[in-house]
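Note sheet for the following structure.
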Amino acid sequence: MAIELAPLPLPPTADASKFRDFGREVKGVDPGNLSPADFGQIEELLYKHDALLFRNADLSPEQQYALTKAFDPASESYGHGNNKTESTKKSILHPDLKTIPRVPQVQLIGNGIVYDHEGLAEAKLKHPSHHTFHKTQVSPEDEAAGATRFYRWHIDAALYKLAPPKVTTLYGITVPQGAPQVCRYDDGTGDELPVPLGTTAFVSGRTMFDILPPELKSLAVRARVRYAPHPYVWMAPASALSTGLGIETEDKELALSDLPEWSEEDVKVFPVLWKNPVTGELHFQVHPAGAQELLVDPLPAGASREGALFPDGAHLKDLKEVRGLLYKMQRPAIAPSLVYPHDWREKDLVLFHNRGVLHSVVGAFKPDQVRAFHQCNLAASSDPVGPSAEDVAKWA
């Protein structure tokens, strides 16, 4: 049976014109048993469409690991390292992940208590909630009425020492049903988004770049982000914005001297824009919560300086300024009309281009609502590729 494609089921809130190329449901193949030829098609489709959905998939942890690894055969360890959190409970990631013992590259995530699961006698899972991470919170009354928030917009990446995974695979095993919620932005815009319970929300990094005005495109194509060492430990005492898109600047981050041992050579500096290996298009790929500094190259020779930001280049170290600029560039792309909130069913497998999209956990579950997912991503064998000289000349 040949591979068939169908559009993803967009919600009424989505601007369909912005999702023409984003996301496809794949039919006609078993993702756990792909032939080399079928995998070649799937790989190309993923980079073209950034997210692929397989319904009613039967997938063991071993098959999920093999599928994820096929996108980068030289990769091996889980995307945050197989100890996940730099061997410290101070990391904000620590409560969210349980390792499948026989396949340590696959993590069990979800909510509630899961028994006798793939070698785990008992796993207590905690669905990340904005209550533990945001500076402000939805009131208990509003939450009871269905209000919620994005938890944290991010890329799956250690952002220190390891290269960001190319692909993340997410497999829904136990999916609790419940009333839809309304995701509030609570940033003064009045923006809100109806979402299914426990959705994973996605936005396109390609769209994030495409909708920028010329002066911000020029800045993005010339800029690089320096991430903090051990960023998930560094940011742990701080709080997030109400949109989940970055951190409030309140000088709460750990001092670099208080972090686990780190070396300058392992600190990651990535381009703001990452080049798609199939389409050649540029994706705005910044994890705003871990960003510490911005380095901006000067305009290339002959470029117009009119309206340009930092035409002679800059090294921005003021955290408030860095975060403000990134937020200005990223916030338009999480508008309700540009978000795809996936409505999970049991045995849904979603593959997403981790170097082409940002995503967020959304919502909250009650303690007795059991949810179990398998997640796999692998630290890549190489760092992302940024804009070419031709890209800089075109957009700067």
Open item on the list: Which condition from (1) more than 30 Å from ALA303 (Cβ to Cβ); (2) assigned to a loop (DSSP other than H, G, I, E, B) is the one that THR169 breaks?
Closed with: (2)
TODO: Look at segment 257-280 and say how many of its residues are among the small types (Gly, Ala, Ser) and part of a loop (DSSP other than H, G, I, E, B).
DONE: 2
Task: The one condition in (1) assigned to a loop (DSSP other than H, G, I, E, B); (2) touching a strand residue (DSSP E or B) at 6+ places or on another chain (Cβ under 7 Å) that HIS283 fails to fulfil - done: (1)
TODO: Please find, among GLY146, GLY190, GLY172, the residue that is in contact (Cβ under 8 Å) with a residue 12 or more places away in the chain and either farther than 27 Å from GLY32 by Cα or over 18 Å from the mean Cα position of the chain (by Cα) (or both).
DONE: GLY146
Task: Failed condition for GLY363, given (1) surrounded by fewer than 17 Cβ atoms within 10 Å (Cβ to Cβ); (2) within 20 Å of the chain's Cα centre (by Cα); (3) on the phi > 0 side of the Ramachandran plot - done: (1)
Task: Filter result for the condition that a residue is out of contact with any Lys or Arg (no Cβ under 8 Å at 6 or more places or on another chain), closer than 21 Å to SER239 by Cβ and surrounded by 13 or more Cβ atoms within 10 Å (Cβ to Cβ), over THR148, THR136 - done: THR136
Task: Residue list for segment 185-195, filter: surrounded by fewer than 19 Cβ atoms within 10 Å (Cβ to Cβ) and within 16 Å of ASP142 (Cβ to Cβ) - done: ASP187, GLY190, ASP191, GLU192, PRO194
Open item on the list: What's the number of the only condition in (1) over 18 Å from the mean Cα position of the chain (by Cα); (2) more than 18 Å from VAL175 (Cβ to Cβ); (3) crowded, with 21+ Cβ neighbours inside 10 Å; (4) not polar (S, T, N, Q) that VAL392 fails to meet?
Closed with: (3)
TODO: Would you be able to tell me the number of residues in segment 32-56 that are more than 23 Å from VAL357 (Cα to Cα) and either without any contact (Cβ under 8 Å) to a residue 40 or more places away in the chain or buried (at least 17 other Cβ atoms within 10 Å of the Cβ) (or both)?
DONE: 7
TODO: Give segment 321-353 a look and list any residue that's in contact (Cβ under 8 Å) with a residue 12 or more places away in the chain, surrounded by fewer than 23 Cβ atoms within 10 Å (Cβ to Cβ) and small (Gly, Ala, Ser), or say none.
DONE: ALA335, SER337
Task: strands (runs of 3 or more DSSP E) (entirely within segment 1-84) containing at least 3 residues that are at pLDDT 95 or above, under 27 Å from LEU338 (Cα atoms) and out of contact with any Phe, Trp or Tyr (no Cβ under 9 Å at 6 or more places or on another chain) - done: 4-7
Task: Criterion violated by PHE209 - all others in (1) surrounded by 21 or more Cβ atoms within 10 Å (Cβ to Cβ); (2) of a type in the set (A, V, I, L, M, F, W, C); (3) over 20 Å from HIS353 (Cβ atoms); (4) under 21 Å from the mean Cα position of the chain (by Cα) satisfied - done: (3)
- [ ] For VAL361, indicate whether it is in contact (Cβ under 8 Å) with a residue 60 or more places away in the chain, under 30 Å from PRO73 (Cα atoms), out of contact with any helix residue (DSSP H, G or I) (no Cβ under 7 Å at 6 or more places or on another chain) and of a type in the set (A, V, I, L, M).
- [x] yes
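The values are calculated or read from the model by the stated rules, or taken from the named source; none is laboratory data. Owing to the predicted nature of the structure, the values given are computational and were not obtained by experimental measurement. Here Cβ is always computed from backbone atoms with ideal geometry, including for glycine, and neighbour counts include all displayed protein chains.
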